[in-house]
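Notes to accompany the following structure.
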Amino acid sequence: MWFPRDGMELRAIDSGPHAGEPVVLLHGFPQRTSSWDAVTPLLHADGLRTIALDQRGYCASARPRGRRSYRLEELVGDVLALLDHLGLASAHLVGHDWGAAVAWAAAGNHPERVRTLTAVSVPHPAAFLKAMLVSDQLLRSWYMGFFQLPFVPELLLNSPGAAPEKALAGMGMTPEMIARFRDEMVTDDAIRGGLGWYRALPFSSPRVVASRVGVPTTFVWSDDDPALGRGGAALTERYVDGDYRFVELSGVSHWIPEERPVELAEAISRRARGVAG
């Protein structure tokens with residue numbers, strides 16, 4: 001399914017029972033909609049409809065130039081445009097990695113469009129920023145500064161050599177996931193678009209970033225994530241006014257949708273269906 005937004009065409013995969021509760025899935029970097037492949041059948045089996053968005057910068061038809069085009073408010077606007085195209089007043093929102101940052105911002109700034117939120121790996125943005133001051137999060141996030149450099153990150157990540165594969169393996173990616181990265185990100189020339197999200201960080205509105213969340217929320221975090229420490233995870237509850245549940249997965253790296261699809265699908269389904277506990 002394709003839909004228009006500001007002169008671009010974005011793609012989403014709408015699957016599962018059409019009459020089921022709609023769940024919008026937002027991927028992170030450096031991945032695309034296939035990162036949800038192990039999760040969506042489980043949600044479908046539980047009667048949920050899934051809409052996985054191939055986000056701005058990733059689709060060849062939606063790769064605007066200029067850092068400001070990737071501000072968080074623009075990424076949220078893409079999600080709202082998707083809901084409008086589908087005729088949905090609201091939906092359950094699920095995001096992993098950068099997709100979680102978009103989901104937090106959408107829930108905080110447009111609560112009328114978000115029935116529930118399930119954020120995966122990345123804490124509330126305000127909690128993430130505070131964790132940089134009071135924990136080891138700043139050291140863990142060194143790559144965010146590196147990604148601000150022009151040209152060099154693209155050259156490294158697009159390199160046919162072993163360097164990018166070694167870096168991704170160090171983050172917990174399996175050989176199968178790295179092969180998918182090569183196919184979907186490198187071969188399809190999506191690296192620069194994905195990096196645009198990092199490079200737009202200085203231009204995103206502080207209000208959009210820091211908005212408190214009042215919708216029912218589940219945060220799923222894993223204790224073996226090299227990029228995201230416990231500091232932000234522990235602080236996130238302070239920024240959620242709605243019903244809040246924290247799910248910690250032990251011995252799991254950053255790639256929760258691939259490593260623990262059953263547990264993640266259960267957390268999403270319980271939140272979407274309003275099951276307590």
Could you give me the ³J(HN,Hα) list for region 50-56, computed from phi with Karplus coefficients 6.51, -1.76, 1.60 and θ = phi - 60°, whole Hz, x at Gly and Pro? 10, 10, 9, 8, 8, 7, 3
Alpha-carbon centroid distance for the pair region 222-246 / region 72-143, whole angstrom: 13
Charge tally in the Cβ shell below 9 Å around Gly20, where Lys, Arg are +1 and Asp, Glu are -1, Gly20 excluded: -1
Accessible surface, region 225-274, averaged per residue in Å² (probe 1.4 Å): 42
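So, for region 50-196, what is the accessible surface per residue at a probe of 1.4 Å, expressed in square angstrom?
Numbers: 5990 Å² over 147 residues.
Each residue of region 50-196 exposes 41 Å² on average to a 1.4 Å probe.
For Arg212 and Lys166 in one chain, what is 0.36 nm times their gap in residues minus the Cα-Cα distance, to one decimal in nm?
Numbers: separation 46, 0.36 × 46 = 16.56 nm, distance 3.75 nm.
Answer, rounded to one decimal: 12.8 nm.
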With θ taken as phi - 60° and the coefficients 6.51, -1.76 and 1.60, list the Karplus ³J(HN,Hα) couplings across region 227-241 in order, rounded to whole Hz; mark glycine and proline as x. 9, 9, x, 6, x, x, 4, 5, 8, 4, 4, 5, 9, 10, 8
Amide H neighbours of Arg115 under 5 Å, at least 5 residues apart or on other chains, H built in the peptide plane: list them. Ala91, His92, Leu93
Net charge within 9 Å of Ala81 by Cβ-Cβ distance, Lys/Arg positive one each and Asp/Glu negative one each, not counting Ala81 itself? -2
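What helices does the chain hold that run 18 Å or longer along their axis, going by alpha-carbon atoms, with a Kyte-Doolittle average of -0.5 or more, using DSSP H for the helix calls? Display every interim value, and only then the final one.
Working: long enough: 72-86 (22 Å, 1.03).
TM-like helix candidates: 72-86.
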Top mean-square fluctuation among Gly193, Gly87, Gly28, Gaussian network model of the chain, C-alpha springs under 10 Å? Gly87
Fraction of accessible area attributable to carbon and sulfur, the chain (%, probe 1.4 Å): 57
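If you average the sequence gap of Cα pairs under 8 Å that are 6 or more apart and divide by the length of region 1-89, what percent do you get for the contact order?
Relative contact order here is 32 percent.
Can you tell me how region 123-260 classifies by the Cα gyration tensor, rounded, prolate or oblate, using a/c under 1.5 as the rounded cut? Could you put the intermediate results ahead of the total?
Numbers: a/c = 2.02, a/b = 1.47, b/c = 1.37.
Here region 123-260 falls in the prolate category.
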Determine the shape class of region 175-235: with a ≥ b ≥ c the square roots of the Cα gyration tensor eigenvalues, call it rounded for a/c under 1.5, and otherwise prolate if a/b is greater than b/c, oblate otherwise. oblate
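Do you know the relative contact order of the chain, to the nearest whole percent, from alpha carbon pairs under 8 angstrom that are 6+ apart?
23
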From DSSP H assignment alone, runs of 4+ in the chain each adding -39500 (n - 2.57), the sum over residues rounded to the nearest 500 puts [θ] at 222 nm at -10500 deg cm²/dmol
Options (1) 17.2, 48; (2) 17.8, 56; (3) 20.5, 67 for Rg and Dmax of the Cα atoms in Å; the value derived from the coordinates is listed as (1)
Taking Arg192, Arg113, Arg68, Arg245 and ranking on accessible area (1.4 Å, protein atoms only), highest first, one gets Arg68, Arg192, Arg245, Arg113
Which length gain, in nm to one decimal place, applies between Ser159 and Asp243 when the Cα-Cα distance is subtracted from 0.36 nm times their residue separation? 25.8 nm
Would you pull out the residues with amide H under 5 Å of Leu10's amide H, same chain only if 5 or more places away, H placed 1.01 Å from N? Phe3, Arg5
Test of understanding: what is the full-extension gain from Asp189 to Asp136, defined as 0.36 nm times their sequence separation minus their Cα-Cα distance? 15.8 nm
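The values are calculated or read from the model by the stated rules, or taken from the named source; none is laboratory data. What you are looking at is a predicted structure, and each value in this text was computed from that prediction instead of being measured. Please note: Cβ atoms are built from the backbone with ideal geometry, for glycine as well, and neighbour counts cover all protein chains shown. For accessibility, only protein heavy atoms count, side chains too; no ligands or nucleic acids. Shrake-Rupley method; radii C 1.70, N 1.55, O 1.52, S 1.80 Å.
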